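Trainee: Below is the structure I would like to discuss, written out as structure tokens.
The values are calculated or read from the model by the stated rules, or taken from the named source; none is laboratory data. Worth saying up front: this structure is predicted, and the values here are computed from it rather than measured. Reconstructed Cβ throughout: ideal geometry from the backbone, glycine too, with neighbour counts over all protein chains shown.
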Amino acid sequence: MPKPLCVALFALLAGPAFAQAVTNKAVRASVAPPRPTAVQTGGTTQAATAQSAAAERPAEAAQSGAAAHSNAAAQSAAAAVIAADAPPGSTAAAVAAAVAAAINAGKLPDLDALAARGAELSMRDPLAAELRNRIPEGPQRRGFDIGLGVWVGNAAPGPGKQRVHDMLSPPEQPGLDIAAAYSLPRNRYAALANAGAAIASADADVAAARNAENDVFFWLGFDIASGIFGDPASGSLGNTATGPGSLRIRNELNPAGQRGFNASTALHLGRQYR
């Protein structure tokens, strides 16, 4: 990777304080198609001999050039969709732009830097940290860290994130899927989740109901609903009935998140806050 691009991508992903602690890794080059070991002649496949291989080098070079052109076009298209994933002007947009630039240069995103960024970010979010600790060390946790690094500041899926997912090994991919399932609602409804968590911290009865299931996604759904239906004096919206908007939010959650959302809704709507 060219040094200026390497430095820029690393700084965006890691931040000033963290950048000194991680060594930027060389990104992987796109995998070229395998060289043919046989030639097609007159409708019959014959093994390539040393003599025929020498004669085929010009054709082989032309074929390689065509494949390189095709790969470059695919990389350019991938760069465009990665950059489109993040809101303009956001930190995530800057990260996406750096990743897109790497792909346009014929490189792939630095997965080690994304993993380091995700691990650092999880330490700032108690639910993310708890979820990470429940994932065994190894490939799945690395996938989770990469997922958090990819999803930072984003509130919608996109082909760029899917491309990173597809780059991972099969044992790593489930970890990224967990990070995506958590990050999408957590980022999209951050204000509601933060208000709900604060309410649970200050109200023992709410905290007890929140802990009815030992599941991070249950807690997240519970907090989001508390941010909608909880005591407005504590920072909630103070809604007094469900409606299309709140039901849409609930339906975006996974099953555990929906259970938490339902439990929180029933608790708060059974109270009188006004």
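Trainee: Condition check: over 18 Å from ASP125 (Cβ atoms), at pLDDT 95 or above and not assigned by TED's automatic domain parsing to the domain that holds LEU114. Does ILE249 satisfy that?
Mentor: yes
Trainee: Taking the condition at pLDDT 95 or above and under 22 Å from the mean Cα position of the chain (by Cα), does ILE228 pass?
Mentor: It is false that ILE228 is at pLDDT 95 or above and under 22 Å from the mean Cα position of the chain (by Cα).
Trainee: One residue is enough: does segment 155-162 have a residue meeting the conditions among the basic types (Lys, Arg) and surrounded by fewer than 22 Cβ atoms within 10 Å (Cβ to Cβ)?
Mentor: No; the residues of segment 155-162 include none that is among the basic types (Lys, Arg) and surrounded by fewer than 22 Cβ atoms within 10 Å (Cβ to Cβ).
Trainee: With respect to the numbered conditions (1) assigned by TED's automatic domain parsing to the domain that holds SER122; (2) touching a residue at least 60 places away in the same chain (Cβ under 8 Å), which one is the sole condition not fulfilled by HIS165?
Mentor: The one condition HIS165 does not meet is (2).
Trainee: Let me ask something else. Before we move on, is ALA209 modelled with pLDDT of 95 or more and surrounded by 17 or more Cβ atoms within 10 Å (Cβ to Cβ)?
Mentor: yes
Trainee: Select from segment 112-143 the residues that are free of Cβ contacts under 8 Å to residues at least 60 places away in the same chain and more than 23 Å from ALA197 (Cα to Cα) and list them in ascending order.
Mentor: Of everything in segment 112-143, those that are free of Cβ contacts under 8 Å to residues at least 60 places away in the same chain and more than 23 Å from ALA197 (Cα to Cα) turn out to be ALA115, PRO136, GLU137, GLY138, PRO139, GLN140, ARG141, ARG142, GLY143.
So that you can scan it fast, the table gives a plain yes or no per residue for (1) at pLDDT below 95; (2) closer than 25 Å to ASP223 by Cβ; (3) of a type in the set (Lys, Arg); (4) more than 12 Å from the chain's Cα centre (by Cα):
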{"residue": "GLU130", "(1), (2), (3), (4)": "no, yes, no, yes"}
{"residue": "ILE135", "(1), (2), (3), (4)": "no, yes, no, yes"}
{"residue": "PHE144", "(1), (2), (3), (4)": "no, yes, no, no"}
{"residue": "VAL150", "(1), (2), (3), (4)": "yes, yes, no, no"}
{"residue": "GLY153", "(1), (2), (3), (4)": "yes, yes, no, no"}
{"residue": "GLY160", "(1), (2), (3), (4)": "yes, no, no, no"}
{"residue": "ARG163", "(1), (2), (3), (4)": "yes, no, yes, no"}
{"residue": "ASP166", "(1), (2), (3), (4)": "yes, no, no, no"}
{"residue": "PRO174", "(1), (2), (3), (4)": "no, yes, no, no"}
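Trainee: Restricting attention to segment 238-259, which residues are of a type in the set (A, V, I, L, M), free of Cβ contacts under 8 Å to residues at least 60 places away in the same chain and buried (at least 17 other Cβ atoms within 10 Å of the Cβ)?
Mentor: Of everything in segment 238-259, just one residue is of a type in the set (A, V, I, L, M), free of Cβ contacts under 8 Å to residues at least 60 places away in the same chain and buried (at least 17 other Cβ atoms within 10 Å of the Cβ), namely ALA256.
Trainee: Also, I was wondering about something else. List the helices (runs of 4 or more DSSP H) that sit entirely inside segment 123-217 and contain at least 3 residues that are under 23 Å from ARG248 (Cα atoms) and of a type in the set (A, V, I, L, M, F, W, C).
Mentor: 173-188, 190-202
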